[in-house]
Structures are given as structure tokens and as C-alpha cells.
Amino acid sequence: MITAILNTPIEYLKGVGPARADILKKEAGIFTYDDLLHYFPFRHIDRTRVTTIRELNHSIDYALISARIITVEILGVKRARRLVATVTDGTGIMELVWFQGIYFVEKILHPGDLFQIFGKVTFFMDKPQMSHPELQRVTTEATPKDYLEPVYPSTEKLKMRQLGGRQIAALTSLLFQQIQEKDIAENLPSSLITQYRLMSRWEALKQMHFPKNKTNHEQAVRRLKFEELFLAQLRMTLVKLRRHQQSKGYVFETVGEFFNEFYNHQLPFQLTGAQKKVLKEIRKDLGSGKQMNRLLQGDVGSGKTLVALLSMLIAADNGFQSCLMAPTEILARQHFDSLTSLLKNMPVKVGILTGSTPSKERKDILKQCADGDLHILTGTHALIEDTVIFKNLGLAIIDEQHRFGVEQRAKLWKKNKIPPHVLVMTATPIPRTLTLAAYGDMDYSVMDELPPGRTPVLTIHKTAHFRSEVMSFVRREIDKGRQAYFIYPLIEESAALDYENLMKGFDEVKSFFPEPQYWISMVHGKQKADLKQANMERFVNGDTQIMVSTTVIEVGVNVPNATVMVIESAERFGLPQLHQLRGRVGRGSEKSYCILLSGIKVSEDARQRLTIMCQTNDGFKIAEKDLELRGPGDIEGTRQSGLLNFKVANILEDKNILQAAHDSVVKLLEADPELTSDENIHLRNYLLEKKGKTVWSKIL
Ligand code: ADP
Ligand code: MG
């Protein structure tokens, strides 16, 4: 429990005052004693023991030496001018070097004097050296400290107010003189403390700042990581549990005519086992009387659209409308086309609404939507606008989720009296670690199986040297009647250079594939929607054999006859993007190829990306690698969520702790969902204490 003293505003700490408090708040987010307590050093300096010069070796980073000055000399001229002192402690000789403040230091150093010298150890020609060490003249041998000295992060502005790393250390030290063990009560259940041999909370916080030794610091870090991940997992699981308990959802009781007719007579193929499994999970949610909030993860091409359609038919069977929202116009249209084609023999009415729907059609659609004539509405963001009113929206499906923000999702919730059921389908698999850490408040389903008969795409990396060989290969495929994509990077919508490259690329492709033998479509983000659409359609219909495009075709597009994809400057793409792009081929029964063209010299990270692409088609593996290469902070959609802003934990390095924390939460809540047992009551109190500040208020 946070007792009063930790809530004390930071200005009341001795030596702080209003002006410095102000800058501490702005620069370091330190408002209270408690914030300072959680402002951790980024490293420690070990002055706990005096090292002899003979002991110094390459594995020692910083060292404390007690030695006497032998010589002091100024060497070199101009920029090379430096002060060099030699010192000895009787076991060996070490050099100290200064490049700045030479004359000032020279005055202090007198041969024969004893100094306590602290600094980073380097070696020059096998001789130990320190440049710009910290010095303290002493009369007797150095006295080592009995704890590791913390070094705190600081900023220019903090330093200007005398709040450098050392001064912050002084404040922390002062803080620890004012607080006691009782001010920092334990918040974890004692069974977990025992099971995982965790340090107490008080001890851990103390050892974070002023550890006795390295091991203690490591134990403190482990404890706080566990606490942090445990509380985050607990929070998300509670949100989920409370939603399950409290939320109301429309009940889709029956599976009726629409579903059965489609399933038994219209379905063009057998569902995969994974599709069946997921459909079962969804049906269970829809019949439960609670609002569904489910994340469906399925690799590219695993057949999510069909799952969406079948779910929407269940909605229709129960008298509800559905909407299917896509991130781009092209994709929305494609959904519309495939839904209409799949439903061509069914009395199900499907509409489409996008930003470029002409106003007459738009009016029409809006009317059908409001009257309830329309069963299914597909479209883009246009769907969530306030003008779109449904008679009875029961199910909202969001495809390729990461481009929609949480707020947009919330707008969907308001489209009926009770929030409609929500199914979110991701474009790219999310690594398991991330799913645990960031999506724990949703239920989720995984489709880990592709429809049968697919031959995996063969991926090859070639440097641009081999372009003409690559072109010949593509020509052979096209001459067999196949189609091909050429993809150019478009990292920023506005980057003129990228467009230039695209146009150059178009000309180049054209020179290899001249009309009238070959026809080429080109699609990019700067085109008007109808032109884009027309070009796309020509390719989809097979009127053109080649599609030259930017990443606008990244998601969703389905042309089974396309068997080759050439990705230009592949080193510039991120892994999820490459994987999505590659998913455009290998959709038919023919063998497909993805050729990654790159410059000769690519960065190490880029090389790793290209290598993993050549090694595997498994989206989950690629997602893990991506997380490993980029770190969690950069994963799209997670940064804004704030869910991954851990202070001490790092979900990549701390996978095991995360898993342990997760398992503990599950077990704990199974046994005591309200956290009212004797053992858990202080955990509950801790959460309540934090109430008001955070979303805890909603769940307890
Ligand atoms: P994604 O999960 O990437 O959105 P789609 O829904 O676009 O995948 O499906 C990819 C392709 O697989 C489509 O051509 C679709 O018709 C086909 N498909 C879907 N389910 C099956 C199935 N059970 N058997 C065979 N083909 C299927
Ligand atoms: Mg899709």
C-alpha cells in the first residue's frame, strides 16, 4: 500500500524546492516521492573494492585504484596536447590521461601524493590506462563503499538545474533516509514470493538503487520485472473476466436458413480444420449473451474471409446486420466482390460503402442500411462515420486490424443499443509473447492451417546484378500463362524519390515486356480511386499479365493465377510487409516464386530479414523474428496502446518471466477471482490504492 509519505510532492524533499521540482516533473516525470523511488539508475559503479593495478584486465570495466603519483608530464602540441601521469600502487604502473582541463589537473597532481582513482579501464599497448578518471586525494588508503553507486539518467535541462546523475543519487539517498520498510508494503501474494524466490518489494526497491552487490541488484530487477508483468497480466485478465461477467451482447441463438443453405449447398470447398475450430469458438461467443471481443489470428491465405462470411450469415439468421471493414478501398472492393460472388445464389443483400462511393449510391446504401434491407455492409473507414446508421447491427468485423485505432473500434460499439459483437482479424500473425503482453484483454483464436493443395512459395534473394536473369525467369512464367507482380517500395506516401523509382521501374519492366505481347497494369497510392480500381481489375481479370505497384496491394488482394512476385529494393521493407506481399502469390495450385531483389550492400538487419524470408513461409516464425529484430516498441499498433511501456521488464528478454507471471495470474484468479482471500487482500488493496489513477477503477 502506498502510504502518505510516498505521495508527498517532490518539492518537499530537502534540497529540491519548487523550481527544481518543476524541472523534475517536466523532464523526468517525477512528481512525488514514489516517482523518485521508481526512477531507476541505468547502471552502477562498483567502488566496493579497491583493485590493484596488477589485477586489471580486459574484463574489468570500471575500477577503483589507490595509487601514488610518479610522474606528471604535458605531451604533444595543439590538438594532440595531453597531460599524462603515471601512478603506482606497488603492484604495477598505470597511466592517467587528460585531454581537457590539463592545466587545472596539473596543479593538483604532485608526485608522491596518494590518490583514490576511479575510472573506466582501457588498455594501450597492453598497459592499463584511464582517461579523465575521478580523483580524490587521500591521506590513507582508499576506503571502499559498501554498496554500488547508482548512475541515473539525466538531461541537459536537469543538469542546468544541478540535477545531474550524481545529484539525483543524492536525492534518492536522502529519500531512503526518510522512508522505512512499512512505507513500502508487499503487494504480491506470499505464495508467489516463495514459489519464485522473490525479494520483498521494499528490499527490491532499495537494492535497485543502492545494491550491496551485483547479485542483489539482479535479484531486485527480477522481482520488479515479475511484479510489473504480473500486475499487467492481472489487469488485462481482470478486464477480460469482468467483460465476460458484465457485458451484455445480442444472443444469436439459431443457426438458420442462411447459414445452412450456404454451408450445405454453396460452399465451394471443405472448410479446413482450423476454420471449423474458429467458427465453433465464434458461435459459442455469439450464443453466450455476452459481447464477443475476439481477435482472429490467421496467416496470410488461411481463409479468414470465409470465416467472416459464415459468422455474418449467423447474424443474418438471427435478424441482425453485419459490417466488414477493410483498411483500403481496394481491399474493401475485393471483399465486396468475393462476397457477392460467393453469395450469388443466396437472397443475402451485400452493399459497399467507401470514401469514393458516388453520392446517389451512397444515399441508397445508407437508406437500405437504416431500413434493414441490407444484410451485410462492406467498406472502409467510411462505415464508422456517424451518418451510417444501421437498423440492427449485430456483428462488426474488422479485417487487417492494425490499421484501425482503438477509438475507431469504439465508434463501432455505439452503432446499436448494445454494442455489437466484434471480430478483429489480423493481417499478420502476432508473436505469442506480444499476444500475451498486449492483447490479454481480448479472447483470441488462431488459424494455424492453410487450405489444402497449396505449394509453399519458393523465396529467393538476388542482388540487382541478376536483374536480367530474373526478368527472363518471369518471362518464362508469363509465357506459361501466369501473371506476375513487381513491387516497389513506397516508404513514405509523399517521398518523390520513391515515385521516381516506381516510374523508372515501370519503364524498365516495359522494356523487358513490350506491348502488344505483354500488358502491364500499374497501381500506386497517388492515383485516383477509379483509375486504381480499373488497373487492378484488368489484372484480376487477366487482361494484363503484369502488375507494377507499390505496397498498396499489400493486403488482401487475391489473384490465384499470379505465380511470381519480384520485390525491388527488398532490403527497404519490413518483415511483416514482405510476408504480406509474398502472400499475394501461392494462392493457386501452381508453384509460386517470390524474388527479393536488393542492393549488393545491405545492413546486417536487412540481411537477416531477407534470410528469414528465404527460410520460412510461417507467419508466426516471421513475426517472432521481427519482434526480435525491432524490439517491442516498434511493433505497429502496440506503441499507442501503451500496454508495452514497461519500466523494468522487456517482453523479449523476459519471455520466461512473462509466461510465469501469466500462469500465476491464471491460477490466482481461478482460485480467488475477487481477490478477497487473506493472502490476496493486500494485492487487492494495492490495486484499489492505484484506483483513480488508472483503469483499475473500471475493474474492481
Ligand atoms: P486471408 O486469411 O489471407 O484473408 P482469404 O480469406 O483471402 O485469406 O483466402 C485465401 C484463399 O483461400 C481464397 O482464394 C479463398 O477462396 C481460399 N480458401 C479459403 N478457405 C478455403 C478452404 N477451406 N479450402 C480451399 N480454399 C479456401
Ligand atoms: Mg484477408
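For the residues K107, K127, K78, the requirement of being charged (D, E, K, R), farther than 25 Å from H44 by Cβ, over 51 Å from the mean Cα position of the chain (by Cα) and open to solvent by 60 Å² or more (accessible area, probe 1.4 Å) singles out K107.
Considering the conditions (1) in a helix (DSSP H, G or I); (2) away from ligand 2 (no atom under 16 Å from the Cβ), P268 is excluded by exactly one of them, (1). Scanning region 416-460 for residues that are assigned to a strand (DSSP E or B) and either within 30 Å of K391 (Cα to Cα) or within 16 Å of ligand 1 (Cβ to nearest atom) (or both) gives H421, V422, L423, V424, M425, T426, D443, Y444, S445, V446, M447.
Outside any loop (DSSP other than H, G, I, E, B), touching a Pro at 6+ places or on another chain (Cβ under 8 Å) and within 16 Å of ligand 1 (Cβ to nearest atom) - does that describe any residue in region 326-344? For region 326-344, residues outside any loop (DSSP other than H, G, I, E, B), touching a Pro at 6+ places or on another chain (Cβ under 8 Å) and within 16 Å of ligand 1 (Cβ to nearest atom): present. Among the candidates S200, S191, S173, the residue that is more than 23 Å from N7 (Cβ to Cβ), open to solvent by 10 Å² or more (accessible area, probe 1.4 Å) and modelled with pLDDT of 90 or more is uniquely S191.
Residues that are among the β-branched types (V, I, T) and within 28 Å of the chain's Cα centre (by Cα) were ranked within region 271-297; the one that is farthest from ligand 2 (Cβ to nearest atom) is I282. Here V548 qualifies as modelled with pLDDT under 95 and open to solvent by less than 10 Å² (accessible area, probe 1.4 Å).
Within region 26-43, being touching a Phe, Trp or Tyr at 6+ places or on another chain (Cβ under 9 Å) and of a type outside the set (A, V, I, L, M) holds for G29, Y33, Y39, F40, P41, F42. Of the residues T237, T254, the single one that is at pLDDT below 95 and open to solvent by less than 50 Å² (accessible area, probe 1.4 Å) is T237.
Mind checking whether some residue in region 286-307 is free of Cβ contacts under 8 Å to residues at least 24 places away in the same chain and in a helix (DSSP H, G or I)? Scanning region 286-307 turns up no residue that is free of Cβ contacts under 8 Å to residues at least 24 places away in the same chain and in a helix (DSSP H, G or I). Of all residues in region 269-284, those satisfying the criterion of being touching a strand residue (DSSP E or B) at 6+ places or on another chain (Cβ under 6 Å) and under 15 Å from I314 (Cβ atoms) are V278, E281.
The values are calculated or read from the model by the stated rules, or taken from the named source; none is laboratory data. Just so it is clear, the structure is predicted and the values come from calculations on it, not from any experiment. Positions of Cβ are backbone-derived with ideal geometry, glycine not excepted, and every protein chain shown enters the neighbour counts. Areas reflect the complete protein model, heavy atoms only, side chains present, ligands, DNA and RNA absent. Shrake-Rupley method; radii C 1.70, N 1.55, O 1.52, S 1.80 Å.
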